[in-house]
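Below: one structure in structure tokens.
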């Protein structure tokens, strides 16, 4: 079959008969629908203030490398994954999402081998160029609170707070934006 063959020619070749008026006629191309600009769709979402997470993030602490990768905001949902490695071995991973529910915006994590953990967005704070999004779930021990802090110098700080064996515990994951394929730092 050649590229120049018409739809009528293709149908005739496979044994479909068309009225003579249609044979050889070109099927008019339907005008593509005007897509809504991605920015317009994102800005209409209550998740729009978190759309900056899109892309890949990497950090290293105590010989542990951790990465997060977030897909673009689509369908009123941010989807991501977290992966922690030490000395070439996976220590943990979790599936992540930020979603809008009837009672607010939630950060949902599903660590490997466990059920999901949901924390509700309880505060967004802006101090200078730093924006902090705080999610909480007082029913959990750890993490009871998760904060994503966006620093104007290109840093993302994920901070988990709560109690471990009755003692207060805080873990901070400092990350920088990287190229998803190469892992090279992106300076923005």
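The values are calculated or read from the model by the stated rules, or taken from the named source; none is laboratory data. Keep in mind that what you see is a predicted model, and the values were worked out from it rather than measured. Note that each Cβ is placed from the backbone with ideal geometry, even for glycine, and that neighbours are counted across all protein chains shown.
Filter the stretch 114-136 down to the residues that are under 19 Å from residue 57 (Cα atoms) and under 18 Å from the mean Cα position of the chain (by Cα), then identify the one that is surrounded by the fewest Cβ atoms within 10 Å (Cβ to Cβ).
132
May I pose another question? Give the residues of the stretch 64-80 that are at pLDDT 95 or above and either surrounded by fewer than 16 Cβ atoms within 10 Å (Cβ to Cβ) or out of contact with any strand residue (DSSP E or B) (no Cβ under 8 Å at 6 or more places or on another chain) (or both), sorted by residue number.
Correct list: 64, 71, 72, 73, 74, 77.
Can you tell me which condition residue 47 does not meet? The list is (1) modelled with pLDDT under 95; (2) crowded, with 16+ Cβ neighbours inside 10 Å, and all the others hold.
Only one criterion in (1) modelled with pLDDT under 95; (2) crowded, with 16+ Cβ neighbours inside 10 Å is unmet by residue 47, namely (1).
Return the total of residues in the stretch 142-154 being modelled with pLDDT of 95 or more and either under 13 Å from residue 131 (Cα atoms) or more than 18 Å from the chain's Cα centre (by Cα) (or both).
So the answer is 8.
Would you pick out the residues in the stretch 162-186 that are under 18 Å from residue 66 (Cα atoms) and not in a loop (DSSP other than H, G, I, E, B)?
Of everything in the stretch 162-186, those that are under 18 Å from residue 66 (Cα atoms) and not in a loop (DSSP other than H, G, I, E, B) turn out to be 170, 171, 172, 173, 174, 175, 176, 177, 178, 185.
What pairs can you find where one residue is in the stretch 98-126 and touching a residue at least 60 places away in the same chain (Cβ under 8 Å), the other is part of a strand (DSSP E or B) and surrounded by 14 or more Cβ atoms within 10 Å (Cβ to Cβ), and their Cβ atoms are less than 9 Å apart, with a gap of 6+ or different chains?
124/131; 124/132; 124/133; 124/134
If you check every pair at least six apart or on different chains, which have Cβ atoms under 7 Å apart with a residue in the stretch 50-61 that is closer than 17 Å to residue 147 by Cα first and a residue that is at pLDDT below 95 and not in a strand (DSSP E or B) second?
Final answer for the pair search is 51/42; 58/183.
Does residue 139 fit the bill of being assigned to a loop (DSSP other than H, G, I, E, B), at pLDDT 95 or above and loosely packed, with under 14 Cβ neighbours inside 10 Å?
yes
Next up: Return the pairs, sorted by first residue and then second, in which the second residue is at pLDDT below 95, the first residue lies in the stretch 142-163 and is surrounded by fewer than 16 Cβ atoms within 10 Å (Cβ to Cβ), the beta carbons are less than 8 Å apart, and the residues are 6+ apart or on different chains.
Pairs found: 151/129; 152/128; 152/129; 154/186; 154/187; 154/188.
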